[in-house]
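Encoded as structure tokens, the structure appears first; notes follow it.
The values are calculated or read from the model by the stated rules, or taken from the named source; none is laboratory data. No experiment lies behind these values; they were computed from the predicted model shown. Methodologically, a virtual Cβ is constructed for each residue, glycine included, from the backbone with ideal geometry; neighbour enumeration extends over all protein chains shown. All accessible areas refer to the heavy atoms of the entire protein, side chains included, with ligands and DNA or RNA removed. Shrake-Rupley method; radii C 1.70, N 1.55, O 1.52, S 1.80 Å.
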Amino acid sequence: MDRATDTDVDESFLNGKLLVATPSIGDPRFDRAVILMCDHAADHAMGIVINKPVEGLRMPELFQQLDIAGGKGAPDRPVLLGGPVDRDRGFVLHSTDFHAEDSTLPVCDGILLTATRDVLEAIASDHPPRRSLMALGYAGWGAGQLENELAANAWLVTDPDEGLIFDTEDAGKWEAALDLIGVTPEHLSMISGHA
């Protein structure tokens, strides 16, 4: 794979990568999950599940509950369940045309993460970020936990794809992520049966 520039990022960490759950994940909360990794270091890892909608909760309804001005005009998209940790906290993955000083984290090329109210107000405004998705909660791992799951073949890793993250229907993201890797669900099932 060609690299446009060298960086000082440790390649052993998965910042900005997609994790794709395999059938051997062993945790129903992550069955067929696709996670965008937002922060990964030796002592922790954090990502947002991008393909599990919260049943019956869409952005306009949540914005009204949070009393966000213009909330009725929020995009009519599902709110996602970003993971089992801190489910009462919102996280927004969005394009680079929104940035909140001291609270926006770069995730990968073209995608940022903000977890403050001002991003919600921007989404409900006349000039929202070009792309965004909102999740409640996140997936988190302690030191060595994710590395152990990777060694047990619970996750496949691939580069992010902005179209997959923001444009693909939630129900199709797992298969689309496998397609990025060049693996079919049927092939994956056969592989996991011979671990």
Being within 16 Å of LEU80 (Cβ to Cβ) and either free of Cβ contacts under 8 Å to residues at least 12 places away in the same chain or of a type in the set (D, E, K, R) (or both) is the filter here, so list the residues in segment 124-153 that pass it.
ARG131
If you go through VAL34, VAL54, the only one that is among the hydrophobic types (A, V, I, L, M, F, W, C), surrounded by fewer than 20 Cβ atoms within 10 Å (Cβ to Cβ) and within 16 Å of the chain's Cα centre (by Cα) is VAL54
Hey, any hits in segment 111-125 for a residue that's open to solvent by 20 Å² or more (accessible area, probe 1.4 Å) and touching a Cys at 6+ places or on another chain (Cβ under 6 Å)?
no
Yes or no: segment 174-195 includes at least one residue that is under 18 Å from PHE91 (Cβ atoms), crowded, with 20+ Cβ neighbours inside 10 Å and in contact (Cβ under 8 Å) with a residue 24 or more places away in the chain.
no
Contacts under 8 angstrom Cβ, first residue in segment 42-63 being over 20 Å from LEU112 (Cα atoms), partner open to solvent by 70 Å² or more (accessible area, probe 1.4 Å) and hydrophobic (A, V, I, L, M, F, W, C), 6 or more apart
ALA42/ALA143; ASP43/ALA143
Criterion (open to solvent by 70 Å² or more (accessible area, probe 1.4 Å) and among the hydroxyl-bearing types (Ser, Thr, Tyr)) met by exactly one of THR158, THR168, THR96:
THR96
Any idea which residue in segment 99-110 is farthest from LEU19 (Cα to Cα), counting only those that are within 16 Å of the chain's Cα centre (by Cα), surrounded by fewer than 21 Cβ atoms within 10 Å (Cβ to Cβ) and not acidic (Asp, Glu)?
THR104
Can you give me the ranges of the strands (runs of 3 or more DSSP E) entirely in segment 59-167 with at least 3 residues that are within 22 Å of ASN15 (Cα to Cα)?
85-94, 104-108, 111-114, 132-142, 155-158
